[in-house]
Amino acid sequence: MKITRITAVPLSYRLPEGKTVTMGIGSTLKRDAIIIRVETSEGITGYGEAHPGRSPGAIVSLVHNTLQPLLTGLDATDCVGAWQRVHRMQLSSHGLGAGTCLALSGIDMALWDIRGKAAKMPLYALLGGSRRRIPAYAGGISMGFQPAGALAEEAQSYVAQGYKAVKLRIGDSASNDIERVRKVRAVLGGDIDILTDANTGYTIADVRRVMPVLAEIQAGWLEEPFACNDWASYREAARISALVPLAAGENHFTRFEFALMLEARAVQVWQPDLSKSGGITECLRIAAMASAFRIPLHAHSSATGLNHAASLHFLAATENAGYFEACVSKYNPFRDMFGSTFAIGADGCVEPPGGHGIGVEVDESIFDKYPLIDGPGYVVKF
Ligand SMILES: [Mg+2]
C-alpha cells in the first residue's frame, strides 16, 4: 500500500465581533486549522491535523510542494521511514524546522489513521492501549483575562459539567493574575485542580511575585511562563518553588527539543501536541523518554476533533499519561464539525472513540464553509 497523494486543506473561522479571548499571547481574532488527507494505492484514505502555526498558507505550501514529493510512493504503513526521510531532507537543516514539524505531524497522524483502518483496529488498540477513561481538564481557548468574578463563574460552569480540573489564563499583570487565581480557588473550593497558563507572558520578576500565590492555592502547574527557548529563565523559575511544577511542550518540536528540556531539569510536566511535536510517531518517543524520569505527559490539544480523538487514543496507550486537554472554547466550530469526539462524564473523565484508526468520519463537504483567511490569528497591544 503506497502513498499516492497528500493534500492539506486550510480552514478558518473569524470570531464574532467583540467575542475575543485574551491570553498571554494576545487576543484571538480567528481560528485556523489544517486537515491533512493522505490517499493510498489500496483506496484507504487517512486524515490528520497539522497545526497552522499562525501562518496556515505557509504550512499548506510546505505539505504540497516540499513534503508530498518526498513521501509519494513510500509504503503508507512506514511511519518511521516517512519521519526519517522528512527529518533528513527538510526538518534538520535549512531553517524551516518548526514549520516542517507542524506539517509532518499532520501527515504522520494520517498515516496512523491509515494503519488503524488497514488493521481494522481503533488507534488506541493499535498503539497497545485500552479504551480506558482518561481524566480531562477544561482548556482550549477559554477562561481568558476578565474580571475575577466572571472568570470564577466561567470556571464554575465547567465544574458543573463534570470537570475536576480547569486551566486559567494568566500572564496578565501579576496583581490581576493573583486576584483572579485566588478568587477562582475560593469559589471552586479545594477539590478542583486549578492549572495556570501564562502563554509565555511572564518575566522572572512576575514569577517571583505570582509563584508563592500559585503555591498557596495549590495550582497543579504553571505552564509556559517564558518563551520556549529561554532555558535560563525556566531554570531560575524552577528554583523559586518546588511546589508548583513548570509545564511546557506545545512549542517544543521533536524529541531533540524535549531532550533539551530534560537537560534543563526545570520542566516537570510535558505537553507535546500530536499536531505539532512531530506526530504520533515522535510523541511515542517523547513519552518513552519522559517515562524514564517519571515525568507525566499531559497532551496539548489543538483545534479539530481529529487531534482531540488522536490525543485520546494516544493517552489511552501511554503509561505516564496525564490529562486530556478538553477544548471548551465557545468559538471553535472545528471541534465538532465531524461530530462530537469526547463527552465529559460525572467522573471528570473522557474516553477515546471506537471505530477503526482515529475513528473520526471526515465529511469533506463541510470544508467549503470555512475558507482560508490568511493573516494573524491574534492581536497584541504593545
Ligand atoms: Mg498553553
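I'm trying to understand the selection: among the residues of segment 170-200, which are in contact with a Lys or Arg (Cβ under 9 Å, 6 or more places away or on another chain), within 16 Å of the ligand (Cβ to nearest atom) and not aliphatic (A, V, I, L, M)? Answer for segment 170-200, where residues must be in contact with a Lys or Arg (Cβ under 9 Å, 6 or more places away or on another chain), within 16 Å of the ligand (Cβ to nearest atom) and not aliphatic (A, V, I, L, M): ASP172, ASP177, ASP193, THR196, ASP197, ASN199. In segment 240-252, the residues that are in the same structural domain as ALA219 (by TED's automatic domain parsing) form Cβ pairs under 8 Å with partners that are among the charged types (D, E, K, R) and away from the ligand (no atom under 16 Å from the Cβ), at six or more places apart or across chains, as follows: ILE240/ARG208.
Of all the residues in segment 344-354, those that are surrounded by fewer than 16 Cβ atoms within 10 Å (Cβ to Cβ) and either in contact with a Gly (Cβ under 9 Å, 6 or more places away or on another chain) or not in a loop (DSSP other than H, G, I, E, B) (or both) number 3. Consider segment 323-338. How many of its residues are crowded, with 22+ Cβ neighbours inside 10 Å and in a loop (DSSP other than H, G, I, E, B)? Result for segment 323-338: 4. One residue stands out among those in segment 262-275 that are in contact (Cβ under 8 Å) with a residue 24 or more places away in the chain and in a helix (DSSP H, G or I): the one that is farthest from the chain's Cα centre (by Cα), which is ALA264. Restricting attention to segment 355-366, the residues being more than 15 Å from ALA317 (Cα to Cα) and part of a loop (DSSP other than H, G, I, E, B) number 7. Of all residues assigned to segment 284-301, at least one qualifies as being modelled with pLDDT under 95 and within 16 Å of the ligand (Cβ to nearest atom).
Being touching a Lys or Arg at 6+ places or on another chain (Cβ under 9 Å), assigned by TED's automatic domain parsing to the domain that holds VAL244 and away from the ligand (no atom under 16 Å from the Cβ) is a property that does not hold for SER157. The condition (being surrounded by fewer than 18 Cβ atoms within 10 Å (Cβ to Cβ) and within 15 Å of the ligand (Cβ to nearest atom)) is satisfied by just one residue among ALA227, ALA264, ALA205: ALA227.
The values are calculated or read from the model by the stated rules, or taken from the named source; none is laboratory data. Being a predicted model, the structure only gives us computed values, none of them experimental. Here the Cβ is made from the backbone with ideal geometry for all residues, glycine too, and neighbour counts use every protein chain on show.
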